[in-house]
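Following: one structure in structure tokens, then a few remarks.
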Amino acid sequence: MRHEPLHPETVAVVAGRPARTPGAPLNAPLVPASTYHHGGDPVYGRDGNPGWAAFEDALGELEGGSCVAFGSGLAASGAILDELAAGARVVAQRAPYFGVAEQLRERAARGQIQLEALAELTPAALEAGVEGAKLVWVESPTNPMLDVVDLPAVIDVARAAGALVVVDNTFATPLGQSPLAAGADVVMHSATKLIGGHSDLLLGAAVTRDASLDQRLRDRRGSTGATPGVLEAYLALRGLRTLPARLGRAQGSACELVGRLEAHPRIARVRYPGTGTMVSFETTGTAEEAEAACEACRLIVHATSLGGVETSLERRARYASEREVGTPPTLIRLSVGLEHVDDLWADLAQALR
Ligand SMILES: Cc1ncc(COP(=O)(O)O)c(C=O)c1O
């Protein structure tokens, strides 16, 4: 059921619920099942699950398309990239999330795709490099540099060239931006992050308005076994219900922390797109000192990943040798959660001392 006239905050609460039936539960139940009685649909556990469908209804409605859930964000991005015919030209940013960058590089190294990686994905840079491209991969804001792409303009350029446009909307969430409404073909999510919101699951999603692409992605999920866990889908939907509330609160704290970080003598630069829960900052001094500051946090969790109720941080260049290329050595990515902002600041300030 579509709830178009409702606000996204309301859609997050009401979408994906079973029909109102006296005596039946409000929430879509958790249905562990590897097989189903013959004569209906689904037939086998890889084909579908009522819990996946509930999550898909809700996220699809928020993004304005039809959603296919996957076992992780990278399972979703891999399934989207598997759309490409051999030798297809792909344009992407040089530094999207490193897992996606690896999927692109690995395909290019095997000669499966021709990859054009742009230092900056501006409409002008894309205009110059888009000819013949079959797919343009966009991430905005980017992880971890928080670069922001002019989505409507970039989507227009890509579409005019006949390329499929994919937008990784993990950092902005459907509350922050609506790529499908701006003309993108596919929205991709790591629902592991803000949508799940509690650092207790892995889940991914692809959302599109193209019915045949939706069906191909659904079929590919089954044929590759990139299926979500039943518990994960249940928890992700539960997380989605509170996404607007969590986002609003964490965003307020993020803005406050940005101001305090900018005024701190040990901070060389703060990156913040002006909205959202992610802040990246560079410290003065060495990479070792930045790492020590992360380790010195007592309340803020020193761990990878992001988007949970707990505030966490990590010096991203700790992965530089293997994977994360071009990240400043002292850049610390901070994921702001729901603790009181003064407690967060007290912890950061003592860690930076
Ligand atoms: C922007 C972005 N896209 C995709 C992914 C991959 O998602 P997952 O970890 O759920 O596979 C991540 C994970 O950090 C991410 O931050």
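The values are calculated or read from the model by the stated rules, or taken from the named source; none is laboratory data. Every value quoted in this text rests on a predicted model; they were computed, and no experiment measured them. Cβ sites come from the backbone with ideal geometry, for glycine too, and all protein chains shown count toward neighbours. Accessible surface is based on the protein model in full, side chains and every heavy atom, while ligands, DNA and RNA are left aside. Shrake-Rupley method; radii C 1.70, N 1.55, O 1.52, S 1.80 Å.
Just to check, using Stokes-Einstein with a Kirkwood Rh over alpha carbon pairs, what's the diffusion coefficient of the stretch 306-353 at 4 °C and 1.567 mPa s in µm²/s? Could you put the intermediate results ahead of the total?
On the way: Rh = 12.0 Å.
My calculation gives 108 µm²/s for D.
Only the Cβ atoms of Lys and Arg (+1) and of Asp and Glu (-1) were treated as charged; on that basis the dipole of the chain about its Cα centre amounts to roughly 360 debye. Taking other residues whose beta carbon is less than 13 angstrom from the beta carbon of G73, and scoring Lys, Arg as +1 and Asp, Glu as -1, yields -3. Here the spin labels are modelled as points 7 Å beyond Cα on the Cα-Cβ line, and at E256 and T224 they lie 4.2 nm apart. Peptides 295-305, 99-109, ordered by how many other C-beta atoms sit within 10 Å of their residues on average, highest first, read 99-109, 295-305.
Coupling constants for the stretch 130-135 follow from the phi torsions by the Karplus curve (6.51 cos²θ - 1.76 cosθ + 1.60, θ = phi - 60°), and in residue order they are 8, 4, x, 6, 8, 8 Hz; glycine and proline get x. For the pair E120 and D342, a Förster radius of 35 Å applied to the C-beta separation gives a FRET efficiency near 0.40, rounded to the nearest 0.05. Toward the positive end of the charge dipole of the chain, with +1 on the Cβ of Lys and Arg and -1 on the Cβ of Asp and Glu, the farthest Cα among S253, P265, P123 is that of S253. Computed over the stretch 125-170, the quotient of the alpha carbon radius of gyration and 2.2 N^0.38 Å is 1.11.
Pairs of Cα atoms nearer than 8 Å and 6+ residues apart set the relative contact order; for the chain it is 16 percent.
Short version: what are the Cα gyration tensor semi-axes of the stretch 221-328, square root of 5 times each eigenvalue, largest first, in whole Å? Show your work: numbers first, answer last.
Numbers: eigenvalues 176, 82, 31 Å².
Largest first, the stretch 221-328 gives 30, 20, 12 Å.
Report in % the part of the accessible area of the chain that belongs to carbon and sulfur, leaving out ligands and nucleic acids; probe 1.4 Å. List each step's numbers first, then the result.
Details: 8170 of 15340 Å².
So the carbon and sulfur contribution to the accessible surface is 53 percent.
Is there a quick way to get the dipole size of the stretch 169-292? I mean about its Cα centre, with the Cβ of Lys and Arg at +1 and of Asp and Glu at -1; what is the value in debye to the nearest 20?
On the way: 14 positive and 12 negative charges, 84 e Å.
About 400 debye.
Evaluating 6.51 cos²θ - 1.76 cosθ + 1.60 at θ = phi - 60° for every residue in the stretch 141-150, the Karplus couplings come out as x, 7, 9, x, 7, 6, 5, 10, 9, 6 Hz, glycine and proline recorded as x.
Diagonalising the gyration tensor over the Cα atoms of the chain and scaling each eigenvalue by 5 before taking the square root yields semi-axes of 33, 27, 18 Å, largest first.
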